[in-house]
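**Q** Below you will find the structure I want to go over with you.
Quick note: the coordinates plus some simple rules give every number you see, no bench work behind them. Source: prediction; values computed, not measured. Quick reminder, even Gly has a Cβ in these numbers, built from the backbone with ideal geometry, and neighbours come from all protein chains shown.
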Amino acid sequence: MAFMPAPGYHPFYNPTLPYKRDIPGGLRPGMSIYIQGVASSHMKRFSVNFVLPGGDIAFHFNPRFDGWDKVVFNAMQGGQWGDEERKKTMPFRKGAPFELVFMVTDQHYKVVVNGSPFYEFGHRIPLQMVTHLQVDGDLELQSINFFGGGPALGQMPMTVPAHQGPGPVHMAPPNMEGPPVFNPPVPFFGQIRGGLTPRKTIVIKGLVSPQATSISINFKVAQSQEVALHINPRMPEGAVVRNSFMGGKWGQEERSISFNPFTRGQYFDLSIRCGHDRFKVFANGQHIFDFAHRLSAFNRVDTVEIKGDVSLSYVQI
């Protein structure tokens, strides 16, 4: 079964290293690049480069474990490196999963690591000249996702986790179906504008808590509190239970699954696509299960609810 990403969402799963591919549509203000991976247990360094056609680099992001752990930032013009910027803080841990986000504004590349703001690197080369993304080094890549590219983020505050500061950043790039939300608090409640329709895709990215026991993702009718689709990862059981709640009672559970993407301490990338007769659910680009519609008027579904032992990094409805 083919994976159908949401409009404006360009994912690449389990890419090999070195990674070098064109940026869909070119780099532009309002775009975000998400990189999920695992730092090698013997990591010395890795790099993420925003590359121009001739090989120059508009932004070089380079964590180094060398006895003086640090992250180096730079740009290369005319084949020559410029002045280094450094931050003597290492947000990556050897052998640990990570989520790295580059948010592109008119003025800066804003870097967020594991949900926390890390650095801003001012443009030295016009970002519109960037055509490719390059990643290499001592890490395992799980996914690279390109989002958006509409209004600039320059006037927007960088998102921080809910427990550390202000609420999430809302952006509405024109090529997305609905406004994506970055690092929203849990429980999360999102409105499906106009109700659920065929071909509608919801994207949910997050981190399963290290001591997680349960997560709930519900597609609900706000007025009646009916649940057309209940996705319930249960970590102690190693199960992903699906069900519906209609007429004041739960229906028959479904548990069969091709693989379980919900592992304690690991990131996940979930895409839930509404079809005419069923939901089709993918994780990391792989089909994991279908769920036949039990609520015939599924267009009444107008709310996505997410709660439980999870930190959310991105939700697009």
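**Q** Compute the distance from the alpha-carbon center of segment 55-90 to that of segment 180-206, in whole Å.
**A** Each part reduced to its Cα centre gives a spacing of 36 Å.
**Q** Now for a separate question. Here are some values of semi-axes √(5λ) of the Cα gyration tensor in Å: (1) 34, 24, 19; (2) 36, 21, 17; (3) 39, 22, 17. Which one was computed from this structure?
**A** (2)
**Q** Below 11 angstrom from the Cβ of residue 17, what's the summed charge of the other residues (Lys, Arg +1; Asp, Glu -1)?
**A** Result for the local shell: -2.
**Q** Fewest first, what order do 105, 213 take by the number of other Cβ atoms within 10 Å?
**A** Numbers: 105 20, 213 13.
So the residues, fewest neighbours to most, are 213, 105.
**Q** To the nearest µm²/s, what D does Stokes-Einstein give for segment 177-316 at 4 °C and 1.567 mPa s, using the Kirkwood radius over alpha carbon pairs as Rh? Please list the in-between numbers first.
**A** On the way: Rh = 15.0 Å.
Estimated diffusion coefficient is 86 µm²/s.
**Q** I'd like the FRET efficiency for residue 77 and residue 107, computed as 1/(1 + (r/R0)^6) with the beta carbon distance as r and R0 of 22 Å, rounded to 0.05.
**A** On the way: r = 18 Å, r/R0 = 0.83.
Calculated value: 0.75.
**Q** Further, regarding this structure: Under the √(5λ) rule applied to the eigenvalues of the Cα gyration tensor, what semi-axes describe the equivalent ellipsoid of segment 9-153? Give them in Å, descending.
**A** Working: eigenvalues 93, 63, 43 Å².
The equivalent ellipsoid of segment 9-153 has semi-axes of 22, 18, 15 Å.
**Q** Next question. Just the Cα atoms of segment 1-93: what Rg and Dmax do they give in Å?
**A** 15.5, 49
**Q** Still on this structure: Could you give the nm distance between label points at residue 68 and residue 22, where each point is 7 Å from its Cα heading toward the beta carbon?
**A** Going from the residue 68 label point to the residue 22 one covers 4.1 nm.
**Q** Now a separate question. Taking the Cα centre of segment 177-316 as the origin, how large is its charge dipole in debye, to the nearest 20, when only Lys and Arg (+1) and Asp and Glu (-1) carry charge on their Cβ atoms?
**A** Working: 16 positive and 11 negative charges, 33 e Å.
About 160 debye.
**Q** Net charge within 14 Å of residue 68 by Cβ-Cβ distance, Lys/Arg positive one each and Asp/Glu negative one each, not counting residue 68 itself?
**A** +4
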